[in-house]
1. Report the residue count in segment 55-65 for those that are more than 10 Å from TYR12 (Cβ to Cβ) and touching a residue at least 24 places away in the same chain (Cβ under 8 Å).
2. Looking at segment 14-47, which of its residues are of a type in the set (A, V, I, L, M, F, W, C), part of a helix (DSSP H, G or I), over 10 Å from the mean Cα position of the chain (by Cα) and surrounded by fewer than 17 Cβ atoms within 10 Å (Cβ to Cβ)?
3. From the list ALA66, ALA52, pick out the single residue that is within 16 Å of LEU24 (Cα to Cα) and among the small types (Gly, Ala, Ser).
4. Looking at (1) surrounded by fewer than 13 Cβ atoms within 10 Å (Cβ to Cβ); (2) touching a residue at least 60 places away in the same chain (Cβ under 8 Å), find the lone condition where THR68 falls short.
5. Give me the pairs: first residue in segment 15-43 and touching a residue at least 24 places away in the same chain (Cβ under 8 Å), second residue of a type in the set (Phe, Trp, Tyr) and surrounded by 17 or more Cβ atoms within 10 Å (Cβ to Cβ), beta-carbon distance under 7 Å, and six or more apart or on different chains, which are they?
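Values in this text are rule-based calculations from the coordinates and carry no lab data. The shown structure was predicted, so the numbers you read here are calculated from the model rather than taken from an experiment. Using ideal geometry, Cβ is built from the backbone for each residue, glycine included, and neighbour counts are taken over all protein chains shown.
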Amino acid sequence: MQLEVLAELIAYLVAATVLTGLGLAAEAASLFRLGAGETTIAVWFGFVGLLALYAGIYMLGYEKVAKTMIALRS
């Protein structure tokens, strides 16, 4: 039981880290495109970046990792 929960925690941590990294990269690309005057693609990168950050930080990081850590402690 504990090993399964630990494996689940590691998988969620890796997924949250990857999504957060992709979100940050998309936001940086958005700022670079905005600076270059490409507004349409900058808005697109900004939206995709926010979506990835939301999924990585809140949906996986907070909802899954925090709840899995609580389950692991009990």
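1. Adding up the residues that qualify gives 3.
2. Selection gives ALA25, ALA28, LEU31, PHE32, LEU34, ILE41, VAL43, TRP44, PHE47.
3. Working: ALA66 fails: within 16 Å of LEU24 (Cα to Cα).
After ruling out the rest, the residue left standing is ALA52.
4. Here THR68 clears every test but (1).
5. If the second residue must be of a type in the set (Phe, Trp, Tyr) and surrounded by 17 or more Cβ atoms within 10 Å (Cβ to Cβ), the pairs left are ALA26/PHE45.
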